[in-house]
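**Student:** Please find one structure pasted underneath; my questions will follow.
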Amino acid sequence: MPTILFVMKYPLHQRDNLQNKFDGQMAAARALGWNAYCIGWDMQGMYLVGEGTRELLRRNRFTSMPGYDHTLIFTDLMAVTREAMRRIQVDNLYLRYMPTFGNAVGVIRQFKARGGKLILEYPTYPKEEENNRFFLRRQVFRYTDHVLARIHPMVDLYTLIGTPCGGTLDGRPAMNIVNGVNVAALPAHIPNADDPAIRLLALASMSGWHGYDRILHALATYKGNADVRIEFVGGDGDGSLMLWKALTAELKLEDRVTFHGPMYGDALNTLIATCDIGVGSLGMYRYGILQGMTLKLREYMARGLPFVSAVADPSLPDDPAFALPVPNDDTPIDMDAVVAFAQNAKHDEDASRRMRAYALDHMSWEGVLRGVLERGNA
């Protein structure tokens with residue numbers, strides 16, 4: 001049975017918004033007949049994590065240093081990748097695009113010398129759409145790209161989420177993929193026909209591109225009779241959470257908007273069950289992004305929770321019961337239309353089943369990984 005090692009920032013001591021994606025990728029690889037491992041970390045050390053197993057690779061000296069998980073962790077990840085490859089035979093190395101430093105080059109060369117296949121994922125392509133958002137981020141990824149230029153000749157396959165690549169990236173094999181989802185891991189949404197309130201779910205690591213200020217302004221100007229409430233779930237991504245809390249107070253919406261902070265597992269599922277629709281990203285246009293394939297919308301699809309979104313996603317079906325598109329610009333959001341959409345969702349008992357069936361057929365990680373592993377090992 002072949003083995004794939006995923007290398008990304010995977011915390012073991014706390015939940016992270018991307019863990020559902022990483023868990024879904026690994027579960028899909030196992031379903032396709034691969035042994036799947038990743039490098040996990042906590043405040044004590046770094047581990048080789050398999051299906052129900054955890055083996056300490058080394059203890060870390062600097063995890064208590066402020067900012068460790070945004071700086072030195074990336075050199076540590078590559079160092080322990082070398083150690084992991086001493087302990088298990090790795091056939092495929094799946095590397096997520098992240099800050100990458102000079103020690104990565106030697107690790108990849110050693111891996112390639114053993115006949116392994118290197119797959120490098122760009123979760124946003126072109127990468128400049130995300131990297132240019134902040135000055136410090138630009139500097140870090142400018143250096144990362146310098147390092148990856150040395151690794152580029154050793155890449156067997158690039159996987160790109162975003163703009164079509166035409167099958168290659170700078171002369172190396174490449175393929176476009178979409179963010180997948182593990183449908184079976186999420187409970188099916190049941191419409192809340194008996195609850196007169198309209199409840200909107202804003203689930204995210206709160207960052208500027210989500211544009212949730214737009215939905216707050218829409219609620220503040222709403223003149224209709226419906227009892228509309230917004231449930232914010234997630235931690236702060238770039239300072240936007242504090243801005244939206246302040247805006248909520250400024251608009252006097254405290255009685256209709258609740259900030260729950262990060263939630264996971266049963267607590268999250270219980271809250272989502274009370275909601276009628278989800279809210280997708282509303283501010284992508286502020287970063288020049290007109291089209292995207294976000295994990296959040298895939299999770300809404302997998303749960304069977306209809307949603308509002310401003311960003312165009314070509315992988316979504318054209319079904320008005322699933323999604324309400326709103327303008328991807330600064331124009332006001334029509335809360336009357338949002339309320340009407342949510343009220344329809346309360347009484348469409350079949351929408352959830354249809355959404356989940358579509359997600360299973362078109363958005364599962366198993367389908368995505370099958371094509372990747374076939375192409376990467378051709």
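The values are calculated or read from the model by the stated rules, or taken from the named source; none is laboratory data. Every value quoted in this text rests on a predicted model; they were computed, and no experiment measured them. Methodologically, a virtual Cβ is constructed for each residue, glycine included, from the backbone with ideal geometry; neighbour enumeration extends over all protein chains shown.
**Student:** Are any of the residues in segment 228-242 in contact (Cβ under 8 Å) with a residue 40 or more places away in the chain, buried (at least 16 other Cβ atoms within 10 Å of the Cβ) and aliphatic (A, V, I, L, M)?
**Tutor:** Yes, segment 228-242 has at least one match.
**Student:** In addition: For the condition of a type in the set (D, E, K, R) and either crowded, with 21+ Cβ neighbours inside 10 Å or assigned to a loop (DSSP other than H, G, I, E, B) (or both), what is the one hit in GLU349, GLU366?
**Tutor:** None of the others qualify; the one that does is GLU349.
**Student:** Conditions first: (1) closer than 30 Å to LEU160 by Cβ; (2) part of a helix (DSSP H, G or I). VAL178 passes all but one, so which condition is the exception?
**Tutor:** The one condition VAL178 does not meet is (2).
**Student:** Could you please let me know if ILE272 is more than 15 Å from HIS210 (Cα to Cα), aliphatic (A, V, I, L, M) and in contact (Cβ under 8 Å) with a residue 60 or more places away in the chain?
**Tutor:** So ILE272 passes the test.
**Student:** Here's something else I'd like to know. So, THR159, is that one assigned to a strand (DSSP E or B) and either in the same structural domain as TYR264 (by TED's automatic domain parsing) or in contact (Cβ under 8 Å) with a residue 40 or more places away in the chain (or both) or not?
**Tutor:** yes
**Student:** Just to be sure I understand the filter: pairs with C-beta atoms under 6 Å, separated by 6 or more residues or on different chains, first member in segment 112-132 and under 17 Å from PRO164 (Cα atoms) and in the same structural domain as CYS165 (by TED's automatic domain parsing), second member part of a helix (DSSP H, G or I) and at pLDDT below 85. Which pairs pass?
**Tutor:** So the pair list comes out as THR124/GLU130.
**Student:** Within segment 311-329, is even one residue outside any helix (DSSP H, G or I), buried (at least 21 other Cβ atoms within 10 Å of the Cβ), in contact (Cβ under 8 Å) with a residue 60 or more places away in the chain and touching a Gly at 6+ places or on another chain (Cβ under 6 Å)?
**Tutor:** Among the residues of segment 311-329, not one is outside any helix (DSSP H, G or I), buried (at least 21 other Cβ atoms within 10 Å of the Cβ), in contact (Cβ under 8 Å) with a residue 60 or more places away in the chain and touching a Gly at 6+ places or on another chain (Cβ under 6 Å), which makes the answer no.
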